[in-house]
Amino acid sequence: MFDLDPDVGLDFEAVRAAAFQFRDILKSIGLATFPMVTGGKGVHVIAPLTPRAEWPEVKDFAHRLAQAVAQSDPENFTAALPKVQRKGRIFVDYLRNQRGATAVMRCSRPR
């Protein structure tokens with residue numbers, strides 16, 4: 001899971017474009033994805049995995065991919081945790097890839 005968290009002032013179109021970019025990157029390495037919005041400002045890009053790798057391996061992969069994307073497009077992305085370093089960019093949060101990290105989405109039913 002990659003949580004694309006925009007800095008204040010970035011519109012949703014920037015986040016949407018980033019989600020499609022992550023979809024394409026993950027697709028290029030054989031991972032199918034789906035987006036999830038939770039009511040915040042960002043989008044989670046989720047790539048379901050068959051449980052073969054342990055949590056540390058998954059987190060390491062996600063961390064390295066987040067850093068690679070941030071290094072290849074530093075104007076639009078950052079993998080830096082401190083908010084002061086995110087100015088005008090989308091933070092690629094890979095930290096949900098560990099045991100106990102969760103994301104909850106709203107489920108609405110027609111009435």
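What follows is calculated from the coordinates using simple rules that are stated; it is not laboratory data. This structure is a prediction, so every number in the text was calculated from the model and none was measured. FYI the Cβ positions are ideal-geometry reconstructions off the backbone, even for glycines, and counts take in every protein chain you see.
Structural remarks
- Proximal aspartates and glutamates to Lys83, defined as alpha-carbon separation beneath 14 angstrom and excluding residues fewer than eight positions away on the same chain: Asp5, Asp7, Asp93
- Antiparallel bridges, percent of DSSP beta bridges restricted to segment 2-93 (to nearest 5): 85
- Using every pair of separate Cα atoms, the Kirkwood estimate puts the hydrodynamic radius of segment 25-92 at 13.4 angstrom.
- Environment charge of Ile46, counting only residues whose C-beta is closer than 12 Å and scoring Lys/Arg +1, Asp/Glu -1: +1
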